[in-house]
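Input: a single structure, listed below in structure tokens.
Computed from the coordinates by the stated procedures, all read-outs in this text should not be read as laboratory data. Keep in mind it's a predicted model, so treat the numbers as computed, not measured. Positions of Cβ are generated from backbone atoms using ideal geometry, with glycine treated the same way; all protein chains shown enter the neighbour counts.
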Amino acid sequence: MMKSIVEVEINKPQIETAELYADPRNNVKWMDDVARYEPLSGEEGMPGSTYRLMPKAGDTIFVATVVERNLPDQLKLRFEASDVAVDITGTFTSLSPTKTKFISEEVFSFKGADEESVTPSVKEDIKAAHRRHIEDFKHFAENSR
């Protein structure tokens with residue numbers, strides 16, 4: 001397993017930030033490598049619901065499950081692909097009426113391989129992509145009305 005944690009401050013109230021993040025339809029608006037979102041089952045964004053994220057390039061298709069939704073404080077997701085599962089916890093803390101601390105924790109479990117077999121450069125690429133996604137979410141959230 002491998003863990004990546006990214007923390008940012010977002011100039012948006014906590015409830016608005018959490019709701020933007022929890023709406024899976026928004027993924028294509030801030031994840032630059034996602035071409036489209038496809039709902040699969042359940043009420044969108046609610047616990048137990050599932051959806052597919054189709055990539056713009058490559059063949060890694062993730063099926064996401066909403067594990068827990070405790071807004072405005074926390075959202076837990078599980079993304080699964082053929083070679084990896086990612087448990088995601090997004091935690092939101094109000095710093096002021098207009099500012100939110102967002103902590104994104106991603107725990108990667110590689111299928112069919114030990115974590116040790118994943119090279120350090122691949123781990124760094126994964127962590128860089130996580131940071132980029134959260135920075136892109138920050139930009140998206142701050143510019144959403």
Give the calculated FRET efficiency between residue 103 and residue 136 to the nearest 0.05, with a Förster radius of 22 Å applied to their Cβ-Cβ distance.
0.85
With each run of n ≥ 4 DSSP H residues scored as -39500 (n - 2.57), what mean residue ellipticity at 222 nm is computed for the chain after dividing by its residue count and rounding to the nearest 500 deg cm²/dmol?
-7500 deg cm²/dmol
Inter-part gap, Cα centre of region 87-145 to Cα centre of region 54-73, in whole angstrom, is 12
Looking at this model, which pairs from 12/76; 76/101; 3/138 are more than 18 angstrom apart at the alpha-carbon?
12/76; 3/138
May I ask you to list the aspartates and glutamates whose Cα is less than 12 Å away from that of residue 29, ignoring any residue fewer than eight positions away on the same chain?
136
Calculate the radius of gyration of the Cα atoms of the chain to one decimal place, then report Dmax, the largest Cα-Cα distance, as a whole number, both in Å.
14.9, 46
